[in-house]
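Scroll down for the structure; my scribbles are underneath it.
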Amino acid sequence: MSAPTPTSTSSNIYKEDVDFAELALQDAEFAKVLKPNGQLDFSNPESVKQLTTALLKRDFGLKISLPPDRLCPPVPNRLNYLLWIQGLLDTTSSNYSDAYDPQREVFGLDIGTGASCIYPMIGCTQRPKWRFAATGRPRNSLITLKLLRIILLDIDEKSLQFATQNIEQNGLQNRIKLLQTQRSDPLLPLDIMRIENIDFSMCNPPFYESKADMLTSAAVKQRPPFTACTGSENEMVTPGGEVAFVSRMINQSLVLRERVQWYTSMLGKFSSLATLIEELKKNGIENYAATEFVQGNRTRRWAIAWSFDDLRPRMAFSRNVNSIPKTLLPFPSEYHIAFGSSSDTGKVSQHINDVLSGLPLKWMWKPSILVGVGFSDKAVWSRAARRHMAKKGQEGSEEEEEEDDDTDIALGFKIYVEGVAESETLNRVTVRWIKGHDNVLFESFCGMVKRKIDEVIRN
């Protein structure tokens with residue numbers, strides 16, 4: 001079966017529940033485990049394994065081999081996580097297009113890839129310019145060190161063997177490299193791998209603090225629609241649970257900083273999200289993202305990402321959680337300004353271009369699509385800045401331009417004028433924060449744009 005064509009951001013083929021009857025017609029092995037009434041027995045590991053195998057084969061052209069005593073990854077859940085990372089990267093690229101760039105080369109790290117190696121394989125299938133490094137997850141230390149040495153060879157070698165087999169039988173050995181890590185190694189072993197920079201890291205850490213925690217959690221909720229066939233304790237349990245695991249990643253990121261554009265992790269517990277956001281804020285990390293994955297009406301997962309870079313993602317990828325206090329979400333990167341009617345679109349567009357063209361900032365306007373991109377090193381639209389520029393006169397303006405070449409950009413923004421978009425009447429201007437660390441500066445700019453729009457509409 002041939003692989004599917006590369007996807008654009010957020011093309012979720014599992015937006016609706018999987019039609020098991022249709023899948024059974026397309027895959028004979030899956031048909032064997034489907035009940036006569038068209039339902040699947042999720043308590044049967046073999047049934048869930050066949051579901052995963054069939055979906056990977058049909059939708060991604062992938063062949064996969066799984067050991068019976070390892071995690072059987074639910075495909076829709078894994079795809080949700082990858083699509084979110086795609087969205088983060090697509091909306092924080094150096095070309096500021098907010099769209100998938102098929103020529104952009106992306107290098108990702110899958111922490112604790114496991115026997116399936118599913119994230120790197122789906123990621124490479126969807127996007128031809130993506131490459132991965134993948135690390136094995138060391139076994140937890142709930143046993144003696146003497147036994148640990150033995151089981152590390154057994155457990156890790158087994159997962160490594162299956163991951164290698166999956167990579168090779170799909171012809172991806174030139175794009176996915178495996179690294180067998182030790183417990184003493186950092187979770188983000190860039191130096192060990194001799195890699196200077198990567199575009200993102202991803203991780204699906206063990207959710208639970210202990211086996212008792214895992215059993216208690218399972219007892220208080222119904223079985224989700226896409227569950228694991230089986231999972232070793234190593235894959236499900238880690239000392240301190242996922243909060244401790246991701247906190248280790250945060251601490252290591254404080255050293256690596258911009259060497260990774262986006263640090264990300266999936267979360268299995270809703271309570272972990274707020275705790276980890278507070279941890280980011282405590283460490284002064286203000287460029288972060290949080291999301292919620294909902295598969296059907298039952299399965300929920302969450303994810304968190306953070307960056308030391310100043311490129312800002314779209315809000316669809318950074319603030320996509322409705323069930324936590326707004327104060328825990330990152331600062332909004334989009335500001336909407338409504339105007340009267342579609343007949344005002346031309347007037348509003350022209351006025352925005354005239355105003356910004358008259359300011360000492362970098363500005364490019366595309367009238368054919370009513371979109372502009374601009375950059376500024378400071379609040380050149382403020383009254384104080386205007387008075388200062390008027391006082392300096394022409395000679396001062398030239399000095400300012402010369403200084404600007406050596407000054408870091410403090411604010412990058414994109415402006416869309418939307419009269420009608422996708423057959424929907426919007427009549428609004430969207431100011432999108434694309435670059436910078438200063439949210440006060442972005443607020444000030446949005447306030448200026450709103451005043452100018454209000455003025456032209458009144459007149």
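Each reported figure results from applying straightforward, stated rules to the coordinates on display, with no laboratory input. All values derive from a computational prediction rather than experimental measurement. Using ideal geometry, Cβ is built from the backbone for each residue, glycine included, and neighbour counts are taken over all protein chains shown.
Label positions at N95 and Q161, each projected 7 Å from the Cα along the C-beta direction, are separated by 4.5 nm. Taking amide H as placed 1.01 Å from N in the peptide plane, W130 has its amide H under 5 Å from the amide H of V106, each at least 5 places away in sequence or on another chain. Scoring 333-340, 33-40, 284-291 by mean Cβ neighbours within 10 Å over their residues and listing the highest first yields 284-291, 333-340, 33-40.
Each residue, Q182 and S11, gets one label point 7 Å from its Cα in the Cβ direction; the gap between the two is 4.5 nm. Work through the residues other than N197 whose Cβ is under 15 Å from its Cβ and net out their charges, Lys, Arg +1 and Asp, Glu -1. Spelling it out: positives minus negatives among the neighbours equals -1. Computed from the C-beta positions of D454 and D19 and an R0 of 51 Å, the FRET efficiency is 0.50 to the nearest 0.05. Take the Cα of E424, step 7 Å toward its Cβ, do the same at Q26, and the gap between the two points is 2.8 nm. Checking the Cα-Cα distances for K281/K450; K282/K435; K347/K452; K378/K435 against a 19 Å cut-off, the pairs over it are K281/K450; K282/K435.
At a Förster radius of 41 Å, what calculated FRET efficiency corresponds to the Cβ-Cβ distance of Q39 and A316, to the nearest 0.05? Calculated value: 0.75.
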